[in-house]
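Before any comments, here is the structure.
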Amino acid sequence: MTQAPLKGFRILDLTNVLAGPFCCHQLAHMGADVIKVETPGAGDLARQLGADPARNANLMGISFLAQNPGKRSITLNLKSASGKRILKELVQKADALVENFRPGVMARLDLDYETLREANPRLVYCAISGFGQDGPLAKLPAYDQIVQGMSGVMSITGDAKTAPYRVGYPMGDTIGGMTAAFAVTAALANKAENRGTFIDVSMLEAVIATMGWVVSNHLIAGQTPAPNGNDNFTASPSGTFRTADGVMNIAANKQEQFEALCQIVGKPALAQDPRFVDRKNRLANRPALTAELEAAFATAPTHEWVEKLTSRGVPAGPVWSVPEALAHPQIADRGLLQTHRVGPEDLQLVGIGAKLDGIAPSVNAPPPTLGEHTNDILGELGYDYTQISALKEEGAI
């Protein structure tokens with residue numbers, strides 16, 4: 001298998017902030033030529049977002065750096081006649097276009113799917129929005145915080161005292177972007193049909209789709225989803241447990257794992273206790289079982305318990321901070337973190353979390369400065385220096 005399965009495909013990335021850029025981030029790492037089309041002067045809003053104010057001021061914010069390595073940037077004023085014309089020329093040579101404007105914006109610009117497919121009947125057009133292109137909520141703007149709340153995710157995150165609770169990163173945006181990347185790739189794989197495809201990705205629906213067990217328990221069994229904190233709602237002991245120096249996760253979901261756990265903590269009688277004898281009873285008596293186990297876990301630190309448990313086939317692991325996770329050889333040595341030269345600095349950015357034939361896909365260029373490739377891309381379309389200068393004077397680029 002090639003390490004760049006999308007090599008030869010060109011994607012136009014008209015997206016901002018996270019859902020769309022994350023989608024095209026995946027496509028770029030799979031080898032696609034991703035051209036990021038940005039507004040002159042400001043570009044992607046993510047260029048101004050992140051924990052480093054100086055980078056934000058230079059329009060190279062950390063939020064932008066994270067999702068845009070390997071892409072080329074062209075600035076186009078899509079409200080100008082020349083900007084529209086150039087986009088249509090780009091569409092003629094493109095395989096797919098991804099946008100995450102509010103529904104109706106591209107139509108008002110006269111750049112919607114029906115218009116652009118006249119320039120390229122085989123165009124794969126992916127529109128990412130908060131709620132989809134139709135329905136009573138379609139015109140509302142897409143914000144991860146809102147989607148998390150309306151999807152039901154927040155209602156089951158935290159525990160009875162803290163829920164509703166937001167997931168600690170923009171998971172709605174990320175899941176929406178991942179869903180879009182999968183749909184675009186699938187449509188590109190179907191190009192032999194020689195027709196275009198319109199993809200309508202709803203972040204709300206994409207998030208709900210990942211809640212399969214929770215949603216199905218409601219739809220089929222009539223069980224109202226509830227927050228369980230760090231406890232696995234399907235099994236016990238499965239969740240987070242206090243140790244002598246912190247906490248650890250255990251997932252003793254199988255009967256044999258529970259019995260081994262009882263032996264390891266020196267309480268073999270727990271396996272015959274009527275309260276804990278089988279899965280159903282352990283779920284019903286979770287607090288009592290947790291108290292028994294944590295009394296034992298309090299006698300040693302996390303790393304000792306994890307070593308003892310995993311050596312006997314009981315799934316267990318520490319609860320790491322982000323820096324701890326990134327520093328561990330399991331992450332540091334597998335190619336997820338990739339180094340890019342950005343100006344005078346070497347910066348580490350995250351790849352896509354997959355390997356092809358044992359190699360983590362990578363890109364050969366750092367995140368672009370705003371409009372960095374405008375002249376090159378216009379040159380590929382046949383524009384000469386005089387014409388490009390005129391476009392700049394006009395404000396089209």
Quick one: net charge around ALA269, please, counting Lys, Arg +1 and Asp, Glu -1 for every other residue with C-beta under 14 Å from its C-beta.
-1
Nearest 10 degrees, 0 to 90: what angle lies between the long axis of helix 171-189 and the longest principal axis of the chain (Cα atoms)?
60
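Net charge around ARG72, counting only other residues with Cβ within less than 9 Å of its Cβ (Lys, Arg = +1; Asp, Glu = -1)?
-1
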Given that compact globular proteins tend to follow 2.2 N^0.38 Å, what is the ratio of the alpha-carbon Rg of the stretch 238-319 to that value?
0.98
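Report the calculated FRET efficiency for LYS161 and THR386 (r = Cβ-Cβ distance, R0 = 51 Å), to the nearest 0.05.
0.15
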Please return the longest range in the chain lying between exposed loop sites, taking trypsin sites (Lys or Arg not before Pro), DSSP loop only, at most 16 other beta-carbon atoms within 10 Å, and leaving the sites out.
8-78
Using the basic label-point model (7 angstrom from Cα toward the beta carbon), what is the LYS88 to LYS267 distance in nanometres?
7.3
Between the Cα axis of helix 302-311 and the main Cα principal axis of the chain, the angle (0 to 90°, nearest 10) is 80
Kirkwood hydrodynamic radius (Cα pairs, Å) of the stretch 1-160?
16.9
May I ask you to give the average projected area over all directions of the convex hull of the Cα atoms of the stretch 116-272, in nm² rounded to one decimal?
14.5
Candidates GLN26, GLN92, GLN223, ranked by Gaussian network fluctuation over the chain, Cα under 10 Å, top entry
GLN223
Under 19 Å from the ASN285 label point (7 Å along Cα→beta-carbon), backbone N, the stretch 237-256
237-239, 252-256
Given the options SER216, SER129, SER321, which has the most mean-square fluctuation in a GNM of the chain, springs set between C-alpha atoms less than 10 angstrom apart?
SER321
In percent, what relative contact order does the chain have, based on Cα pairs under 8 Å that are 6 or more apart in sequence?
19
GLU394-GLU307 FRET efficiency (beta carbon distance; Förster radius 56 Å; 0.05 resolution):
0.25
If you place +1 on the Cβ of every Lys and Arg, -1 on the Cβ of every Asp and Glu, and leave all else neutral, what size is the dipole of the stretch 238-319 about its Cα centre, to the nearest 20 Debye?
280
Relative to the longest principal axis of the C-alpha atoms of the chain, give the angle of the C-alpha long axis of helix 385-394, reported between 0 and 90° and rounded to the nearest 10°.
70
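Just so you know, all these numbers are worked out from the coordinates, no wet-lab data involved. Please read these numbers as outputs of a predicted model, since none were measured by experiment. Cβ coordinates were reconstructed from backbone atoms using ideal geometry, including for glycine residues, and neighbour counts include every protein chain displayed.
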